[in-house]
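Here's the structure, in structure tokens; my notes come after.
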Amino acid sequence: MTESVSLIAAERADVIVRDLRESDLTLADAILRSAFDKFTCVTSLFGDKDYVHTRWLADPGAAFAAEQDGQLAGTNFVTRWGTVGFFGPLSVRPELWDRGVASRLMQATVALFDRWGTAHAGLFTFAHSPKHLGLYQKFGFWPRFLTPVMTKAPIAPRRSPQPIRYTALPPAERARAVDACRELTATAYEGLDLEREIRAVESQGLGEVLLLDDSSGLAGMAVCHLGAGTEAGGQGCYVKFGLARPGPGAGARFETLLDACESLAVDNGADHIELGVNAARHEAYAAVMARGYRAGLVGVSMHRANDEGYSRPGTWLVDDWR
Ligand SMILES: CC(C)(COP(=O)(O)OP(=O)(O)OC[C@H]1O[C@@H](n2cnc3c(N)ncnc32)[C@H](O)[C@@H]1OP(=O)(O)O)[C@@H](O)C(=O)NCCC(=O)NCCS
């Protein structure tokens, strides 16, 4: 623990950080919504999207609650994708802002990354907010490239790709598919592993995982949420993670993957498809823009130790770490 972090701990002794419990989730959801609405000045920013229940269920041991005077004051959700970790949404009851509650949650979060041995850790935040940048910088996270979150109306592609739909596979083949995804994601970053996201889609019925094969094996994969009660929201399809195999032909594989995602959106009656891409992945970002996606929210990724991780040119990957 660094000296400055010990100081924060001493000053904020009235705030207790503990694991978030299932019995906290309703209140945690209400606090999250009120905090984000207040900061963005938007009423019902998240609408019928869900982060609290879905993320807690995906990994109940990786969510923190801050308590002050026995009351839930704020929460943070931490996600482990193998050697990669990120956190959020982080939120604090608006009447308790600027009293160190988030800083206490951040101490626990950084300690968890250390326990996990996370090689690449980061977050997505509001690029325009000095408070947010200052808060995370205190804990060793530095702003890097912008991550625009983009949407478009889905259009069924003329030549519709025929991806394998993970949820249609028999159980034995699902295990093999997860292994193949792990091999593919490791090409973007050593040890990057989306198994938790795939299992969350499967166990919670959040949407679909698309798998594109070609003669060399798995050419691309995408984890998609669909509809209300997921991160997509009603009438939405959200590509939470998508990756095409790198190397010659990667651009074409990426286009086929995005075609498959649009097909999925159309098949499920979605009126918009949403995804985020870090602008450091220049080719992927340019390709998404060329397909007619337009940015709504523009955030910034902050990386621990200012490490580039897998956000670099030549990585045909979409995700946004919200
Ligand atoms: C962002 C949020 C979680 C912060 O919670 P909080 O409990 O108010 O944060 P803390 O009091 O622990 O820390 C804020 C830090 O930002 C720093 N800060 C504030 N304004 C700053 C500025 N202009 N420049 C640099 N640092 C600044 C403060 O100095 C403080 O650090 P310190 O206590 O060491 O001085 C809370 O405001 C919130 O819930 N917002 C709405 C939801 C949201 O935006 N979540 C985060 C999305 S990534």
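Please state which of the following conditions residue 139 fails to meet, knowing it meets all the rest: (1) within 20 Å of the chain's Cα centre (by Cα); (2) without any contact (Cβ under 8 Å) to a residue 24 or more places away in the chain; (3) not in a helix (DSSP H, G or I).
It fails just one condition, (2).
Residue 99: at pLDDT 95 or above, charged (D, E, K, R) and assigned to a loop (DSSP other than H, G, I, E, B), yes or no?
Values: at pLDDT 95 or above: yes; charged (D, E, K, R): yes; assigned to a loop (DSSP other than H, G, I, E, B): yes.
Yes.
Kindly provide the set of residues from the stretch 188-199 that are out of contact with any strand residue (DSSP E or B) (no Cβ under 8 Å at 6 or more places or on another chain) and either more than 27 Å from residue 308 (Cβ to Cβ) or of a type in the set (Ser, Thr, Tyr) (or both), ordered by number.
Within the stretch 188-199, 199 is the sole residue that qualifies.
Please find, within the stretch 79-103, the residue that is farthest from residue 31 (Cα to Cα) out of those that are in contact with a Phe, Trp or Tyr (Cβ under 6 Å, 6 or more places away or on another chain) and within 13 Å of the ligand (Cβ to nearest atom).
86
I'm trying to understand the selection: among the residues of the stretch 21-73, which are within 19 Å of residue 87 (Cβ to Cβ), outside any helix (DSSP H, G or I) and out of contact with any helix residue (DSSP H, G or I) (no Cβ under 9 Å at 6 or more places or on another chain)?
Result: 49, 67.
Could you check the stretch 104-143 and list, in sequence order, the residues that are more than 8 Å from the ligand (Cβ to nearest atom) and in contact with a His (Cβ under 8 Å, 6 or more places away or on another chain)?
Passing the criteria: 120, 121, 122, 141, 142.
One line per residue, one yes/no per condition, for (1) free of Cβ contacts under 8 Å to residues at least 60 places away in the same chain; (2) closer than 19 Å to residue 153 by Cβ:
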position: 214; (1), (2): yes, no
position: 234; (1), (2): no, yes
position: 240; (1), (2): no, no
position: 246; (1), (2): no, no
position: 255; (1), (2): yes, yes
position: 259; (1), (2): no, yes
position: 265; (1), (2): no, yes
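When you scan the stretch 213-322 for strands (runs of 3 or more DSSP E) that lie fully inside it, which ones turn up with 1 or more residues that are at pLDDT 95 or above and acidic (Asp, Glu)?
Values: elements: 217-227, 233-244, 272-276, 294-304.
Ranges flagged: 272-276.
Do you know which residues across the stretch 74-86 are closer than 14 Å to residue 111 by Cβ and either in a loop (DSSP other than H, G, I, E, B) or β-branched (Val, Ile, Thr) (or both)?
78 - this is the single residue of the stretch 74-86 that is closer than 14 Å to residue 111 by Cβ and either in a loop (DSSP other than H, G, I, E, B) or β-branched (Val, Ile, Thr) (or both).
Could you list, ordered by first residue, the pairs with Cβ atoms under 7 Å in which the first is in the stretch 93-107 and at positive phi and the second is more than 7 Å from the ligand (Cβ to nearest atom), at least 6 apart or interchain?
Close Cβ pairs (under 7 Å, with a partner that is more than 7 Å from the ligand (Cβ to nearest atom)) amount to 100/11; 100/12; 100/15.
Does residue 220 count as surrounded by 22 or more Cβ atoms within 10 Å (Cβ to Cβ) and over 17 Å from the mean Cα position of the chain (by Cα)? Give the steps one after another, and end with the answer.
Numbers: surrounded by 22 or more Cβ atoms within 10 Å (Cβ to Cβ): yes; over 17 Å from the mean Cα position of the chain (by Cα): yes.
Spelling it out, residue 220 is indeed surrounded by 22 or more Cβ atoms within 10 Å (Cβ to Cβ) and over 17 Å from the mean Cα position of the chain (by Cα).
Scan the stretch 59-88 and report the pairs whose first residue is under 20 Å from residue 143 (Cα atoms) and whose second residue is within 11 Å of the ligand (Cβ to nearest atom) and in a helix (DSSP H, G or I), with Cβ atoms within less than 7 Å and a gap of 6+ or a chain change.
Pairs that qualify, where the first residue is under 20 Å from residue 143 (Cα atoms) and the partner is within 11 Å of the ligand (Cβ to nearest atom) and in a helix (DSSP H, G or I), are 76/105.
Quick one: residue 191 ticks every box in (1) modelled with pLDDT of 95 or more; (2) away from the ligand (no atom under 16 Å from the Cβ); (3) more than 20 Å from the chain's Cα centre (by Cα); (4) not basic (Lys, Arg) bar one, so which box is it?
All conditions pass for residue 191, except number (3).
The values are calculated or read from the model by the stated rules, or taken from the named source; none is laboratory data. Note that the structure is predicted; figures quoted are calculated from it, not measured. Neighbour counts are summed over all protein chains in view; Cβ atoms, including those assigned to glycine, are modelled from backbone coordinates with ideal geometry.
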